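Taking it in order: structure first as structure tokens, then the write-up.
Computed from the coordinates by the stated procedures, all read-outs in this text should not be read as laboratory data. Every value quoted in this text rests on a predicted model; they were computed, and no experiment measured them. As a convention, Cβ positions derive from the backbone with ideal geometry for all residues, glycine included, and neighbour counts pool all protein chains shown.
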Amino acid sequence: MSKVSIIVPCYNEEEALPIFYEAACKELAGIEDLEFYLIDDGSKDGTLAIMRNLAAKDSRVKYVSFSRNFGKEAALYAGLQAATGDYVAVADADMQDPPSLIPQMLEILESGEYDCVATRRVTRAGEPPVRSFFARCFYKLINRISSTEFKDGARDFRLMKRQMVDAVLSMTEYDRFSKGIFSWVGFRTKWLEYENVERSAGQTKWSFWKLFKYAIDGIVDFSAFPLLISCFAAGAFWLAALVMLIVCLCGASPSWLPLATFIAFCAGVIQTSVAILSLYFSKTYLQTKGRPVYIVAERKD
Ligand code: UDP
Ligand code: MG
């Protein structure tokens, strides 16, 4: 019998967590070997007290409580490190990741064809339109400039085999953008689609500004493209200098043109130095992340 771990990151979820626990117990009654890893991300309300109570009355419930708020990514990482299951699920506490889908996900993984079942929302009903608009722009942009695939509407909600969890844990980078990490490690992933569900209770922890910073993190963590903009800028200055030089040599140019040509030339030289630094820096940046060079799915030595 395989063991299943459910990781639940919680930040000020005193209202939502009991609802989640009740629902998960009901939906997952068929799983014999189950553990919950509740991660208290420095909540300021009664979340930790609820975790202590649940753990006291149900030995399957374990918890980790942070000394302060470190963010959902840190909570997910702590949960993945602590979980001991053969199958590991991550789900939000607010029922937006319906635990009722987990048995179906488990069935798909047990059939052996996939290593991971992930979920994506196909609707964004109930979300402010501006937020949906920026989310769509983010996915378009990042998919253009990153070699890692980012599925529009993908949630962190997923069930993974142990092998994939270990691969995710082998990525020890400090700035964790799980949507990218899950995709980067590869493995055969089945996508389930579902309609957006509204939060069961409590408030979203994501302000627009926090989401914006999160999007920037995603881009910086999974693409060196912003660094390479300096290469394009260098090219543009050289081209401008060349065109102006040709016009100067053809004669009949305005008196300011030689100076403008000289300025564009100097800018080209400086910008090229910046571009060269960027190229080396992008390599160093990747090296400091210490990502594995490859991840094995299967082997026979
Ligand atoms: N969360 C967390 N730390 C944070 C922010 C959020 O652990 O700093 C948890 C939160 O308790 C919830 C999940 O991450 O279980 C998703 O957060 P939320 O529902 O607020 O995000 P949304 O669904 O609105 O994107
Ligand atoms: Mg939510």
*Helix-only CD estimate at 222 nm, as mean residue ellipticity for the chain, using -39500 (n - 2.57) per DSSP H run (n ≥ 4)*: -16000 deg cm²/dmol
*Percent of alpha carbon pairs in the chain separated by more than 34 Å?*
34
*Are there chymotrypsin sites (Phe, Trp or Tyr not before Pro) in the stretch 206-301 that DSSP puts in a loop and that have at most 10 other Cβ atoms within 10 Å, and which ones?*
TRP256, TYR294
*Given a Förster distance of 35 angstrom, what is the FRET efficiency for ALA297 paired with ALA49, based on the Cβ-Cβ distance and rounded to 0.05?*
0.25
*Counting Lys and Arg as +1 and Asp and Glu as -1, each charge on the Cβ, what is the dipole of the chain about the Cα centre in debye, to the nearest 20?*
940
*If you find the alpha carbon centre of the stretch 232-267 and of the stretch 1-78, how far apart are they in angstrom?*
64
_Checking the a/c ratio against 1.5 first, then a/b against b/c, what shape does the Cα gyration tensor give for the stretch 19-109?_
prolate
*Working from Cα positions, state the angle (0 to 90°, nearest 10) between the long axis of helix 16-27 and the longest principal axis of the chain.*
60
*Reciprocal mean inverse distance between Cα atoms of the stretch 228-299 - Kirkwood radius, Å*: 14.7
_Exposed-loop-free span, longest in the chain, where GluC sites (Glu not before Pro) count as exposed if DSSP calls them loop and at most 15 other C-beta atoms lie within 10 Å_ = 199-297
*asked:* Relative contact order of the chain, please, whole-number percent, based on alpha carbon pairs below 8 angstrom and at least 6 residues apart.
replied: 18
*Sum of side-chain charges, ASP221 neighbourhood, beta-carbon under 13 Å (Lys, Arg +1; Asp, Glu -1)*: +1
*asked:* Give me, ordered by chain and number, the residues 5 or more places off ARG155 or on other chains with an amide H under 5 Å from its own placed amide H.
replied: THR119, ARG120, ARG121
*Quick one: grab the alpha carbon gyration tensor of the stretch 100-190, order the square roots of its eigenvalues as a ≥ b ≥ c, and give me rounded if a/c is under 1.5, else prolate or oblate depending on whether a/b is larger than b/c.*
oblate
_Spread of Cα-to-Cα distances over 10 Å intervals beginning at zero, given as percent, for the stretch 131-252_ = 10, 30, 29, 13, 9, 6, 3, 0
*Would you work out which of SER111, PRO129, ALA93 lies farthest towards the positive end of the dipole of the stretch 18-144, given +1 charges on the beta-carbon of Lys and Arg and -1 on that of Asp and Glu, about the Cα centre?*
PRO129
*Measure nothing fancy, just the Cα-based angle from helix 47-57's long axis to the longest principal axis of the chain, in degrees from 0 to 90, nearest 10.*
40
